[in-house]
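*Asks:* I am attaching a structure below and will ask some questions about it afterwards.
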Amino acid sequence: MATPPSLEEEFSRLKLEQAHFPNCYPEYNPLDAYKIHISERVGKIAGVEPAVVYPALQRARVPEQGDLNLAVPALRIKGTKPQETGAKIVEQWTESPFVQKLELDGVHLKIFFNPAVLTQAVLPAILKNRETWGGNPQLGLRNVEDPSQGKKKIVVEFSSPNIAKPFHAGHLRSTIIGSFLANLHEISGWDVTRLNYLGDWGKQYGLLALGFGMYGDEAKLEADPIQHLFEVYVKINQDVKAEDEKIKALETEGKETEAAELQAKSLNEKARQYFKAMCDDNKEAVALWSRFRKLSIEKYKNSYARLNVRFDEYDGESQVSNKSMKEVEARMAEKGLLEESKGATIVNFEERGKALKKLGKVLIRKQDGTSLYITRDLGAMFSRVKKYNFDKMIYVVANQQDLHLKQLFTIVDLLGEKELYSKVLHVNFGMVRGMSTRKGNVVFLDDILRDVRDHMHEVMRKNQDKYAQVSDPDRTADILGISSVMIQDMGGKRIHGYDFDMDKMTSFEGDTGPYLQYSHARLRQVLRKADLPPEAYESSADLSLLTEPLDHSLVRLLVQYPDIVQMTLTTLEPTTILTYLFLLTHGINSHYHKIKIIGSEPELMKARLALYDATKAVLNHGMRVLGLQPLERM
Ligand code: ARG
């Protein structure tokens with residue numbers, strides 16, 4: 001058997017080998033180092049290039065399947081049956097310090113690592129980089145061989161609520177998922193811009209301005225702009241509705257001229273004119289509106305901070321310049337995409353072949369010359385190309401807007417912008433059902449957060465002994481409440497909707513936010529109780545003392561983490577990481593209940609503290625990527 005020092009040499013040799021295989025990062029993903037080692041040996045036995053073996057090696061999905069799996073048919077060896085090749089590999093495999101055993105299961109090879117060696121390789125690496133281990137800054141490099149070429153650029157557009165309207169569940173999901181995607185790319189070495197594209201433009205804002213003239217109150221606006229503007233918006237919309245009904249009634253009575261007269265001086269018509277003035281850069285109109293916008297943003301910032309979310313830029317529909325829209329429209333006209341329809345301009349997808357038929361028709365310019373949602377999105381996209389020169393841009397928007405984004409992207413495609421088309425991506429998600437607050441169905445972010453916090457507080461109070469020990473119950477309840485909401489949101493695949501269930505999400509039992517936080521805080525508590533500085537075990541603990549199967553199961557999970565993170569860049573699903581974190585917390589739980597740490601033999605205790613500390617680092621990292629604020633005690 002080889003001894004640890006030579007193993008270390010072997011491991012650093014493997015880490016230097018990355019150039020041989022694409023998508024191989026042994027420096028950051030220990031599984032890749034194992035893959036190099038195994039590819040070399042399997043290649044020799046099977047008579048194929050290691051480069052053929054390498055991509056056929058995959059992380060095992062469950063511990064019973066080993067640590068890596070090799071699908072033998074993927075080696076594509078002509079003239080032999082995969083089963084036979086598999087058997088030959090097992091038979092001729094020469095002893096390796098890294099690998100404990102190989103097992104053939106049909107045409108799949110299960111590869112089990114030597115857990116003692118794995119432990120010695122992985123724990124020190126995690127402890128040395130405890131803040132960052134799991135992330136891989138090379139993934140976002142333009143060129144891994146030449147880091148001086150810099151990072152790839154990504155724009156993540158998310159949250160994007162509408163001023164004077166409720167911050168509904170769709171915005172909450174977009175906020176949670178978008179912030180996660182931004183974090184994920186950041187730890188993967190991308191240059192990330194977090195962008196909030198506010199809904200702050202359109203005829204309804206003309207209406208809001210009119211409404212403010214009638215119902216507005218300066219003091220209320222300053223105190224709570226979001227709430228107040230919403231109240232104004234609701235009132236003026238009631239007026240509009242009443243007017244509309246009157247006009248309809250006149251029409252059914254056949255009083256066409258009276259109906260038309262009323263229509264001409266209606267709020268709706270005035271709103272249209274007001275918005276037209278805003279579009280034409282009328283100073284007064286724009287000034288009022290920009291105050292609404294500014295005050296609302298200030299308020300949003302506070303709520304986002306509570307959620308641990310920040311933006312690099314508060315963009316919005318209003319920020320899209322006329323020039324940028326006109327430019328795209330000119331190009332669209334040139335390509336023959338635009339059609340006139342009753343004085344307005346449209347794109348008619350229905351005439352563009354079977355594949356595009358379902359995209360229908362979309363209005364690009366109204367009769368009065370004002371822009372629409374999609375016009376602004378088109379202008380914004382091309383402005384962002386100029387401003388950020390991104391490699392990728394993600395729109396995190398509910399699946400209710402699938403059609404809109406399809407239309408948007410298809411126009412880009414029809415403009416011949418193949419490259420841009422390949423860089424933009426709609427990350428969508430399903431509906432949340434039943435999200436309401438005590439005040440009723442209209443939802444503001446702050447109201448949701450307040451309700452969940454209060455609910456959480458009640459749950460915490462049920463365990464009086466524990467509650468008495470919580471040092472800052474309000475803050476703890478707030479963070480736990482937010483964790484509850486987020487974890488519930490990330491539990492399933494994005495596309496699935498779910499029921500907003502306050503009782504279930506705030507429970508300490510089951511795979512919930514509070515359970516995740518609790519597992520983290522408990523690891524911390526054990527470390528605290530041991531009362532040893534990390535230096536006492538970080539690099540000096542004798543890790544060969546970790547011989548229990550439960551120790552090894554934890555280590556085997558830990559080594560998978562960087563690979564999970566990397567895979568998440570493909571799935572773009574928070575649940576990929578979350579599912580892993582729950583496996584890890586279950587592992588921690590079993591370990592905690594069976595194996596004593598505090599009070600065990602001192603050297604063994606040190607080794608176990610190293611294991612706990614490394615596990616905590618990974619859990620902490622995963623939680624932060626998801627956007628949670630890990631609690632140190634609770
Ligand atoms: N403000 C929009 C809404 O609430 C979402 C914006 C989505 N982003 C975009 N580029 N269209 O429905």
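The values are calculated or read from the model by the stated rules, or taken from the named source; none is laboratory data. Note that the structure is predicted; figures quoted are calculated from it, not measured. No Cβ is skipped: glycine too gets one built from the backbone with ideal geometry, and neighbour counts run over all protein chains shown.
*Asks:* Suppose the filter is in contact with a helix residue (DSSP H, G or I) (Cβ under 9 Å, 6 or more places away or on another chain) and at pLDDT 95 or above; does Gly216 pass it? Let's see the steps before the verdict.
*Replies:* Working: in contact with a helix residue (DSSP H, G or I) (Cβ under 9 Å, 6 or more places away or on another chain): yes; at pLDDT 95 or above: yes.
When the stated conditions are applied, Gly216 passes them.
*Asks:* Can you find a residue in the stretch 557-567 that is out of contact with any strand residue (DSSP E or B) (no Cβ under 9 Å at 6 or more places or on another chain), crowded, with 16+ Cβ neighbours inside 10 Å and without any contact (Cβ under 8 Å) to a residue 24 or more places away in the chain?
*Replies:* No: the stretch 557-567 contains no residue that is out of contact with any strand residue (DSSP E or B) (no Cβ under 9 Å at 6 or more places or on another chain), crowded, with 16+ Cβ neighbours inside 10 Å and without any contact (Cβ under 8 Å) to a residue 24 or more places away in the chain.
*Asks:* For residues in the stretch 546-556 being crowded, with 20+ Cβ neighbours inside 10 Å and not β-branched (Val, Ile, Thr), which is farthest from Gly135 (Cα to Cα)?
*Replies:* Looking at the filtered set, the residue picked out is Leu546.
*Asks:* Let me ask you something else. State all residues of the stretch 141-192 that are β-branched (Val, Ile, Thr), under 30 Å from Asp224 (Cα atoms) and either within 14 Å of the ligand (Cβ to nearest atom) or in a loop (DSSP other than H, G, I, E, B) (or both); if no residue qualifies, say none. Full working, then the answer.
*Replies:* We begin by selecting, within the stretch 141-192, every residue β-branched (Val, Ile, Thr); these are 144, 154-156, 163, 175-177, 187, 192.
Filter once more, so that each one left must be under 30 Å from Asp224 (Cα atoms): 156, 163, 175-177.
Correct list: Val156, Ile163, Thr175, Ile177.
*Asks:* Can I ask one more? Take the residues in the stretch 592-627 that are acidic (Asp, Glu) and over 21 Å from Asn129 (Cβ atoms); name whichever of them is surrounded by the fewest Cβ atoms within 10 Å (Cβ to Cβ). Let's see the steps before the verdict.
*Replies:* Going residue by residue through the stretch 592-627, those that are acidic (Asp, Glu) are 601, 603, 613.
Among the residues that remain, those that are also over 21 Å from Asn129 (Cβ atoms) are: 601, 603.
Numbers: Glu601: 9, Glu603: 13.
The selected residue is Glu601.
*Asks:* Is it the case that Ile111 is modelled with pLDDT of 95 or more, over 30 Å from Leu288 (Cβ atoms), part of a strand (DSSP E or B) and within 16 Å of the ligand (Cβ to nearest atom)?
*Replies:* On the way: modelled with pLDDT of 95 or more: yes; over 30 Å from Leu288 (Cβ atoms): yes; part of a strand (DSSP E or B): yes; within 16 Å of the ligand (Cβ to nearest atom): no.
No, not satisfied.
*Asks:* Still on this model: Kindly evaluate Glu95 against the criterion of being surrounded by fewer than 14 Cβ atoms within 10 Å (Cβ to Cβ) and at pLDDT below 95.
*Replies:* Numbers: surrounded by fewer than 14 Cβ atoms within 10 Å (Cβ to Cβ): yes; at pLDDT below 95: yes.
So Glu95 passes the test.
*Asks:* In contact with a Ser or Thr (Cβ under 8 Å, 6 or more places away or on another chain) and at pLDDT below 95: does that describe Asp465?
*Replies:* Values: in contact with a Ser or Thr (Cβ under 8 Å, 6 or more places away or on another chain): no; at pLDDT below 95: yes.
No; evaluated as a whole, the condition is false for this residue.
*Asks:* Need at least 3 residues that are among the small types (Gly, Ala, Ser) per element, so show me which helices (runs of 4 or more DSSP H) inside the stretch 492-589 make the cut, counting only ones lying wholly within it.
*Replies:* 513-530
*Asks:* Among the residues of the stretch 429-452, is there at least one that is within 15 Å of the ligand (Cβ to nearest atom), part of a helix (DSSP H, G or I), more than 21 Å from Asn302 (Cα to Cα) and among the aromatic types (Phe, Trp, Tyr)?
*Replies:* No, the stretch 429-452 contains no residue that is within 15 Å of the ligand (Cβ to nearest atom), part of a helix (DSSP H, G or I), more than 21 Å from Asn302 (Cα to Cα) and among the aromatic types (Phe, Trp, Tyr).
*Asks:* Next up: If you check Leu118, Leu75, Leu139, which single one turns out to be more than 28 Å from the chain's Cα centre (by Cα), more than 19 Å from Leu558 (Cβ to Cβ) and among the aliphatic types (A, V, I, L, M)?
*Replies:* Leu75
*Asks:* Is there a residue in the stretch 416-426 that is within 16 Å of the ligand (Cβ to nearest atom), crowded, with 19+ Cβ neighbours inside 10 Å, under 22 Å from the mean Cα position of the chain (by Cα) and not in a helix (DSSP H, G or I)?
*Replies:* Restricting attention to the stretch 416-426, the residues satisfying the condition of being within 16 Å of the ligand (Cβ to nearest atom) are 420-421, 423-426.
With crowded, with 19+ Cβ neighbours inside 10 Å added as a condition, the list becomes 424.
Retained after the next criterion (residues that are under 22 Å from the mean Cα position of the chain (by Cα)): 424.
Still in the running and not in a helix (DSSP H, G or I): 424.
Checked the stretch 416-426: at least one residue is within 16 Å of the ligand (Cβ to nearest atom), crowded, with 19+ Cβ neighbours inside 10 Å, under 22 Å from the mean Cα position of the chain (by Cα) and not in a helix (DSSP H, G or I).
*Asks:* Does Leu267 satisfy the criteria of being crowded, with 20+ Cβ neighbours inside 10 Å and closer than 25 Å to Val397 by Cα?
*Replies:* On the way: crowded, with 20+ Cβ neighbours inside 10 Å: yes; closer than 25 Å to Val397 by Cα: no.
Judged against the criteria, Leu267 is not a match.
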